[in-house]
Structures are given as C-alpha cells and as structure tokens.
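Input: a single structure, listed below in structure tokens.
The values are calculated or read from the model by the stated rules, or taken from the named source; none is laboratory data. Just so you know, these numbers come straight off a predicted model, no measurement behind them. Every residue, glycine among them, receives a Cβ derived from its backbone with ideal geometry; neighbour counts consider all protein chains shown.
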Amino acid sequence: MSVVPLVLVPQLLLALALVSLPAGLAPLSYLTSARWAMEAFGSLAHLQPPRDFAACTIPGNPLSCPVYPTVDYDPSTAHVFEVWGVLLAYTALCVGFAAVVLARRDRER
C-alpha cells in the first residue's frame with residue numbers, strides 16, 4: 001500500500017488534469033496512460049484547454065491568456081480515435097507484460 005501513492009501521484013500530475021506542465025516536462029507525460037485518458041476525456045467533453053494565467057495580455061480575461069501547447073483537446077473524430085488507439089495499445093502492453101510475469105511465476109512453482 002505504501003507504493004500506491006508513489007505510482008498514482010505522478011499519474012495525476014502528468015495527466016494534465018490538475019496543473020499544466022511546462023513544455024520541458026510534456027514529453028514525460030506521453031508515457032503515462034492517465035495523460036491519454038485525460039486527453040480523450042477533454043476531447044469528448046469539449047473541455048477548454050488550460051491556459052497560462054501568468055502570461056495574460058489583459059488581466060482578468062482568461063481568453064487573453066495563451067493556451068499551453070502541450071494539451072490537445074481537439075474534438076475531431078480522427079483525434080479521438082488516435083487517443084483511443086494509444087489507450088488500447090497501452091492496455092495491450094500492460095496486459096502482455098502481466099501475462100509474461102505471471103507465466104514466469106507459474107513456471108517457477
């Protein structure tokens with residue numbers, strides 16, 4: 001149980017759900033399934049992409065703030081299928097890894 005927060009906290013931070021990542025950390029988020037799930041949710045729910053409120057040209061007007069370039073909530077069908085394809089590939093990779101580990105443990109018994 002003590003390992004769960006060590007796995008889940010980075011997933012939440014890299015999902016771009018709580019805070020937006022700077023451009024330097026964005027490539028790291030592509031390795032997590034939570035980022036792709038949040039992007040799929042954002043695309044399907046037509047969420048507004050997060051904005052950098054520290055760089056607004058008109059104070060108090062969120063539409064004058066630049067959009068973080070690391071987030072893409074494009075609602076197009078092609079983008080949604082792309083994101084779901086990545087999620088399915090990630091799921092297949094995790095299931096395959098679990099099958100290999102379980103088969104190895106079974107042979108050791």
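Looking only at residues of segment 40-51 that are at pLDDT 85 or above and surrounded by fewer than 17 Cβ atoms within 10 Å (Cβ to Cβ), we find that the one that is nearest to residue 80 (Cα to Cα) is 44. The set of residues in segment 1-39 being assigned to a helix (DSSP H, G or I), among the aliphatic types (A, V, I, L, M) and surrounded by fewer than 19 Cβ atoms within 10 Å (Cβ to Cβ) consists of 4, 6, 7, 8, 9, 12, 13, 26, 28, 34, 37.
Looking across segment 52-85 at every residue that is part of a loop (DSSP other than H, G, I, E, B) and of a type in the set (A, V, I, L, M), the one that is modelled with the highest pLDDT is identified as 58.
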